[in-house]
Amino acid sequence: MNIFHISAECYPIAKIGGLADVVGALPKYQANKNVSATVLMPFYNNTFTQTHIFTSIYNGTITLGHEEFDFRVLKVNEDVLEFPVCFVDVPELLYKNFIYSYDDAKRFLAFQIACLDWMLTLDNRPTIIHCHDHHTGLIPFMAQECYKYEELNTIPVITTIHNAQYQGWFNYDKFHLIPKFNNENSGLLDWDGQINPLAAAIKCAWRVTTVSPTYMEELKKNANGLETLLSNERNKCIGILNGIDTKVWNPETDSFIVENFSKTTVQSGRAANKKWICDTYNLDINKPLFAFIGRLVGEKGADLLPEALKIVLESKQCNVLVLGSGEKQREEALEAIKVNNKGLYNTYIGYDEKLSHIIYAGTDFLLMPSRVEPCGLNQMYALRYGAIPIVRSIGGLKDTVIDISNNGFGICFNTLTVKNIVDSIFRGIALYENQNKFKDIRKSIMTIDHSWDKSAKDYLNLYQSIN
């Protein structure tokens, strides 16, 4: 079986969020099951592309309306990844020092057309095309409807929705950029008067997956306008929980963290990482440490964090460290808390991969008060490293974290309010004070298996069911 994963992101090449982690891990685990899995992604102007040497394996020209653009398909010369990656280079549109911008319709349409044009030339075509999020959402439509891709329309196409809040909408003034098809079928592109790539993918893909079973059910009630569509297409929809790459996220071998540790050395190892955090960010080593890692946006509950953290910090019973960036208003509100809470609170506005690993290895609790969380990987990283997650029970968080009151290992709440965030943090403080129970939970959660092994098998079963 020959799988082509098509995505805008892939760790460690280009990453904004969890999409990159998924696409950077799933192919590795599929290869372990004797499946050939290749990633196709744009060729950006970033650190990875600047520090590696590439060979062109195909040269072509794509047409977007009345314009033509030369493109290449590249492969990296060195054996730096555990799976093959092909890079689509459209210099005028894709070779930028950013992944996303305010107007990406033309950029990602060019990427998708180039992918399909190249596939037409292959002797060994994919047996499954696996598209990820709206950036690749027009591929299921074009493979099915566009005249030039008729030879590809027997290849099963799967779309995975990583976050339905983002759908790639664009106006009909770009309709002419799509390769020719029977205009009587243009309704497949439309949703609410706009061209909607994610909606088109849901309509045209052979199967639609989301990144957790609970999120699939939630989308039927809250999918940013696509609720009725997903309900109508429910027979081809399935939720498959994401996994994590346990080779990258392994406290015994992680080169980012201050001191490596296993389940048997968790006390000393985590103490060393916590000490580094407290020394570096002027926090009190003797108090429990709570951390937030993520985008500072409403989806993550970041709008409620400043008020909740101010209330908690008044008690002077804990430390808090925030790592993330996002909406300026949220950043400024979280930064302002530092003035009255020196020695107990700090922030890192931005993103730092090394620091995130150290936080997982040293924080006592990880805060995830999300409004929307299709799957969530941070809670799985936290569990792997022995940090106890505090989560709102939604999406993948509900599927992966069980409250300690139900013989579980995390702290959960159902409704997102400032009061519930505050109460959950104080529950964490009380748990920390019961050191025997706290240490027992910390050891046990490190043994929970959230690797990609099971999920990769689930995807393989899905592929086989339609191939």
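The values are calculated or read from the model by the stated rules, or taken from the named source; none is laboratory data. What you see is a predicted model; the values in this text were computed from it and never measured. Don't worry about glycine lacking a Cβ; one is built from the backbone with ideal geometry, like all the others, and counts go over all protein chains shown.
Filtering the stretch 52-74 to residues that are in a strand (DSSP E or B) and small (Gly, Ala, Ser) leaves SER56, GLY60.
Counting residues in the stretch 304-311 that are β-branched (Val, Ile, Thr) and in contact with a strand residue (DSSP E or B) (Cβ under 9 Å, 6 or more places away or on another chain) gives zero. Scan the stretch 3-10 and give yes if some residue there is in a loop (DSSP other than H, G, I, E, B), within 16 Å of GLY243 (Cβ to Cβ) and among the hydrophobic types (A, V, I, L, M, F, W, C), otherwise no. No, that holds for no residue. No other residue among ILE337, ILE359, ILE349 is more than 18 Å from MET446 (Cβ to Cβ), crowded, with 18+ Cβ neighbours inside 10 Å and β-branched (Val, Ile, Thr) apart from ILE337.
Within the stretch 383-402, how many residues turn out to be assigned to a strand (DSSP E or B) and over 26 Å from ASN273 (Cα atoms)? Write out each step before concluding.
Taking the stretch 383-402 first, the residues assigned to a strand (DSSP E or B) are 388-392.
With the extra rule that they be over 26 Å from ASN273 (Cα atoms), the set shrinks to 392.
Count: 1.
Considering only the stretch 403-415, state which residues are over 18 Å from LEU219 (Cα atoms) and not in a helix (DSSP H, G or I). ASP403, ASN407, GLY408, PHE409, GLY410, ILE411, CYS412, PHE413 - these are the residues of the stretch 403-415 that are over 18 Å from LEU219 (Cα atoms) and not in a helix (DSSP H, G or I).
Candidates in the stretch 276-290 are the residues that are without any contact (Cβ under 8 Å) to a residue 40 or more places away in the chain and out of contact with any Asp or Glu (no Cβ under 9 Å at 6 or more places or on another chain); of these, the one that is nearest to GLY386 (Cα to Cα) is ASN286.
Mind telling me which of the residues GLY410, GLY386, GLY395 ends up being on the phi > 0 side of the Ramachandran plot, more than 18 Å from the chain's Cα centre (by Cα), in the same structural domain as PHE365 (by TED's automatic domain parsing) and crowded, with 21+ Cβ neighbours inside 10 Å? Break it down stepwise before answering.
Numbers: GLY410 fails: on the phi > 0 side of the Ramachandran plot; GLY395 fails: more than 18 Å from the chain's Cα centre (by Cα).
Result: GLY386 is the single residue among GLY410, GLY386, GLY395 that is on the phi > 0 side of the Ramachandran plot, more than 18 Å from the chain's Cα centre (by Cα), in the same structural domain as PHE365 (by TED's automatic domain parsing) and crowded, with 21+ Cβ neighbours inside 10 Å.
Among the conditions (1) in a helix (DSSP H, G or I); (2) closer than 29 Å to ALA37 by Cα, the only one that CYS375 does not satisfy is (1).
Tell me which residues, restricted to the stretch 362-383, are within 16 Å of the chain's Cα centre (by Cα), crowded, with 22+ Cβ neighbours inside 10 Å and not charged (D, E, K, R).
Keep residues of the stretch 362-383 that are within 16 Å of the chain's Cα centre (by Cα), which gives 368, 370-382.
Now restrict to residues that are crowded, with 22+ Cβ neighbours inside 10 Å: 368, 370, 373-382.
Residues satisfying the conditions are MET368, SER370, PRO374, CYS375, GLY376, LEU377, ASN378, GLN379, MET380, TYR381, ALA382.
Taking ASN235, is it in the same structural domain as CYS375 (by TED's automatic domain parsing) and either part of a loop (DSSP other than H, G, I, E, B) or surrounded by fewer than 20 Cβ atoms within 10 Å (Cβ to Cβ) (or both)? It is false that ASN235 is in the same structural domain as CYS375 (by TED's automatic domain parsing) and either part of a loop (DSSP other than H, G, I, E, B) or surrounded by fewer than 20 Cβ atoms within 10 Å (Cβ to Cβ) (or both). Only a single criterion out of (1) farther than 24 Å from PHE261 by Cβ; (2) of a type in the set (A, V, I, L, M); (3) surrounded by fewer than 17 Cβ atoms within 10 Å (Cβ to Cβ); (4) in contact with a Leu (Cβ under 8 Å, 6 or more places away or on another chain) is not satisfied by ILE448, namely (1).
When you check GLY428 against the structure, is it small (Gly, Ala, Ser), assigned to a helix (DSSP H, G or I) and modelled with pLDDT of 95 or more, yes or no? Spell out how you get there, then give the answer.
On the way: small (Gly, Ala, Ser): yes; assigned to a helix (DSSP H, G or I): yes; modelled with pLDDT of 95 or more: yes.
The answer is yes for GLY428.
Looking across the stretch 115-132, the residues that are without any contact (Cβ under 8 Å) to a residue 60 or more places away in the chain and among the aliphatic types (A, V, I, L, M) come down to LEU116, LEU120, LEU122.
Can you tell me how many residues within the stretch 11-51 are closer than 23 Å to GLU92 by Cα and either within 23 Å of the chain's Cα centre (by Cα) or in a loop (DSSP other than H, G, I, E, B) (or both)? Walk me through it before giving the result.
Initially, the stretch 11-51 is screened for residues closer than 23 Å to GLU92 by Cα, giving 13-16, 39-51.
Next cut, either within 23 Å of the chain's Cα centre (by Cα) or in a loop (DSSP other than H, G, I, E, B) (or both) only: 13-16, 39-49, 51.
So the count comes out to 16.
What are the residue pairs meeting all of these: first residue in the stretch 250-271, first residue within 15 Å of ARG442 (Cβ to Cβ) and in contact (Cβ under 8 Å) with a residue 60 or more places away in the chain, second residue part of a loop (DSSP other than H, G, I, E, B) and polar (S, T, N, Q), Cβ atoms under 8 Å, and 6 or more apart or on different chains? Close Cβ pairs satisfying both conditions: PRO251/ASN260; PRO251/SER262; LYS263/THR447; GLY269/ASN260; GLY269/SER262.
Within the stretch 75-85, track down each residue that is in a strand (DSSP E or B) and over 20 Å from the mean Cα position of the chain (by Cα). First the steps, then the outcome.
Start the filter on the stretch 75-85 by keeping residues that are in a strand (DSSP E or B), which leaves 75-76, 85.
Listed by number, the residues that qualify are LYS75, VAL76.
From the list ILE285, ILE311, exactly one residue is of a type in the set (A, V, I, L, M), surrounded by fewer than 14 Cβ atoms within 10 Å (Cβ to Cβ), out of contact with any Leu (no Cβ under 9 Å at 6 or more places or on another chain) and at negative phi. Which is it? Quick ask: steps written out before the conclusion?
Values: ILE311 fails: surrounded by fewer than 14 Cβ atoms within 10 Å (Cβ to Cβ).
Only one candidate passes the filter, namely ILE285.
None of ASN182, ASN222, ASN250 is within 28 Å of TRP452 (Cα to Cα) and in the same structural domain as LEU462 (by TED's automatic domain parsing) except ASN222. Listed by position, the helices (runs of 4 or more DSSP H) enclosed by the stretch 158-232 that each have at least 3 residues that are touching a helix residue (DSSP H, G or I) at 6+ places or on another chain (Cβ under 9 Å) and among the aliphatic types (A, V, I, L, M) are 197-204.
Being of a type outside the set (A, V, I, L, M, F, W, C), part of a loop (DSSP other than H, G, I, E, B) and closer than 19 Å to HIS5 by Cβ holds for only one residue in ASN97, ASN124, and it is ASN124.
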